[in-house]
Structure formats: C-alpha cells, structure tokens
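What follows draws every value from the coordinates through simple rules; no lab data is involved. Just so it is clear, the structure is predicted and the values come from calculations on it, not from any experiment. All Cβ positions, glycine included, derive from the backbone under ideal geometry; neighbour counts span all protein chains shown.
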Amino acid sequence: MERPQLISRDAALRVALAARAMPNITLPRLIEVLQECLGEEIDTDTLRNITVTNLKTGLGSLDGEEDGEDIGIGLESMKLAVRILWGDADDTEAVPPLDAYTEGDMPGSVRVAIASDFGLNLNGHFGSCLRFLVFQVSPDEHRLIDVRSTAEADFAPDKNLFRAQLIGDCHVAYVVSVGGPAAAKIIRADIYPIKVPEGGSADEVIAKFQQAMRHSPPPWLLKILERRRRREPTAPLQGPPRRRRRSRPHPGGHPMSTSKPDPFATTADLIANAISSARVFGENPRIARLVASSVGRFALELAKDAPSEGARLRGYALAQISEQDALFVPRLVSSLETLGTPGSPL
C-alpha cells in the first residue's frame, strides 16, 4: 500500500522559505517542530495554526532552553517565519513592480543577478538566498525585469547547480558570499560572480556597475560587452568599444611573426583571469607572481629592440587593472609597479 504524502508541495515550499528566514535553523529541524505541533501530515491549512510561541517553545526545547529566549534566532525572524508559513508573506515582498522589458529593448546592455533575502537589496549568500533580483543594465539605464524564487532549489539533487541554472541567462551575479564549489558552477554557467561581503542596496550596486561600464570597464566586462555586441550586429555598443587586437609592427620595420602571441593581448588575458579568480577566492600569491613574471618577461623581450616598448607594456598592464579591481589584486599591482623602480631592467 502506498504511503500517504506527509506534507503537500505548497506547504513544503513555505516551510523551506520559513527555515531560511531563521538563522541557523535547518529544514529538518523546523519540520520536526511543526510535526510536534500539528501531527505528521502538514498542509497549507494546518500551517495557519502555527504561532510565534509554538516556534519559540519548539525550537527552544530542542536546544535545551525551556523558555526559548536564548536560542539566537530573534523575534523578528520568527515573526517573519510565521507569516511565511501562513502564506501572508512571500519572497517577493517589498520589491517594486517589474519594469517592462522585451529582448532587444536596451542594446549593449547586460543582465545582472543580485542575491537577495528581502527588499531591493544585495544581502544574500548564493547558496541560501531566498531569491535573485534580475536587472537589465546599460550604461545609462537599468530595469528590474524579474524576481526569481530559489524555493525549488531545496528539492533539487544539486542545489547550487539549480541556482546557477536559475540565473543562467545572466552575465554577472552579485553575492554577499559564495563557496568554492558553488563558484565553480557559476563560472561554468558562463556567469561572472562578484562578492560584495558588505552588501548594499541594489541601486547602489547597479550604479557602481554602470560607472564601470561608462568609464573604466575591466577586461572581464569588456569581454561580456563584446559577446553582447556580436549578438546584436545592428545595435551600437553603448559601452566603450573593444578594439580588435592586431600584431604590432616591430620597431625596426620588420613585421612581428604571426606565430608569436601578441604580448599586449596576452597580458590583458592574464590579468583578467587573475582578477576573476581573486574576486571569488581571494588573491592567490602564486598566481600574482606568475602573472607579474610573465609581464616582466614580455617587457624584457620588447625592450631589447625598443626600451620604451617595455615600459609601455608595464603601463598597459597597470591600466588594465581598474581602481576597483586593484582592491582584489594588491600583490599583483605591487609586483607590476616594482618593474619600473630603479634597478629594474625596465
């Protein structure tokens, strides 16, 4: 005989969201408390019988705290959890209506996901946020085009993969925090993750992103804009256009061999990769040394025939690191600056 379903799917989604609204409370733990109060079978109607007192008492007793006052959850979090269980609050609360958007409305724009737990804010961790705010962003305009709940992720075999696929049409994802395995899944989905531990309002995050688009787009953003431009052949790129790199003529008049990599293009790629890694995992001293030594080697080769070219490559390398990116790769910046000090071959 088939065993009856103990919890309906709609109720399960509410319970999952309520668990995430309370710090340090796991889904199995909350289900245990609910079943103590309501019995084994739970649906959306029975959930309306749950009160804040039920949660305080149930969660407190599991921790050995009889009065439930010292369980480290917070009264406001419990109140929100009860409202979620009742169905009176959901994960789109306090978010303004979506802006109208049709694909192609904003040529040269990119799609940005922001991990959020409440409000129009960047305040969520990638693996536990309640939703993603999805913006379409150009240098001069941004629109909130979607709010995507992550509730279904709790029922997926691979929660982080589900979340990466949920925002798979986005180019950039802002998060307060993300672990290494999750970051790898984001990157494999061709999304550029950016950690902002202090969080902030979505408007502030987008404004800084637009400033980078307008004035000093780092290499990784230029690559995204270039990919977008190729998909919009009739639409002018609103961000700074990226030049196609060509082999540079040898100072003596002889063309550089086409079999040799362009040191300027290679330098830009090395720096972009170092910054991408540092934004997610923190700066790796070994990567910083390798990139700096590669740039130094390229510069020495160029300086053999034209000393000014070696110095120019060093300046070019530093220019590829925007003021914002420099915060993530201070060792690399310091190493590149050392290439121009007295006693250096450049």
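Distances between placed amide hydrogens fall under 5 Å for ASP146 paired with VAL134, all partners being 5 or more residues away or on another chain. Across the alpha-carbon atoms of segment 110-214, the computed radius of gyration and Dmax are 12.6, 41 angstrom.
Computed from phi, the 3J(HN,Hα) profile of segment 46-58 under the Karplus parametrisation 6.51, -1.76, 1.60 (θ = phi - 60°) reads 5, 4, 6, 8, 6, 10, 4, 4, 4, 5, 4, 5, x Hz, with x in place of Gly and Pro. Sorting PHE118, PHE126 by the number of Cβ atoms found within 10 Å of their own Cβ, with the fewest placed first, yields PHE118, PHE126.
Quick one: HIS142, HIS125, fewest Cβ neighbours within 10 Å first, how do they rank? Don't skip to the end; give the middle numbers.
Numbers: HIS142 20, HIS125 15.
Listing HIS142, HIS125 from fewest to most nearby Cβ atoms yields HIS125, HIS142.
The phi-based Karplus calculation (6.51 cos²θ - 1.76 cosθ + 1.60; θ = phi - 60°) puts the 3J(HN,Hα) values of segment 20-37 at 6, 6, 10, x, 6, 9, 8, 4, x, 5, 5, 4, 4, 5, 4, 5, 5, 8 Hz, whole numbers, x for Gly and Pro. With R₀ set to 25 Å, the beta-carbon distance separating ARG286 from THR338 gives a calculated FRET efficiency near 0.90. Near the amide H of TYR192, within less than 5 Å, lie the amide hydrogens of VAL172, ALA173, all on another chain or at least 5 residues away, with H placed in the peptide plane.
Near the amide H of LEU122, within less than 5 Å, lie the amide hydrogens of GLY200, SER201, ALA202, all on another chain or at least 5 residues away, with H placed in the peptide plane.
Here's the list of lysines a cross-link from LYS159 could span, going by alpha-carbon distance under 27 Å and ignoring same-chain residues fewer than 8 apart: LYS79, LYS185, LYS195.
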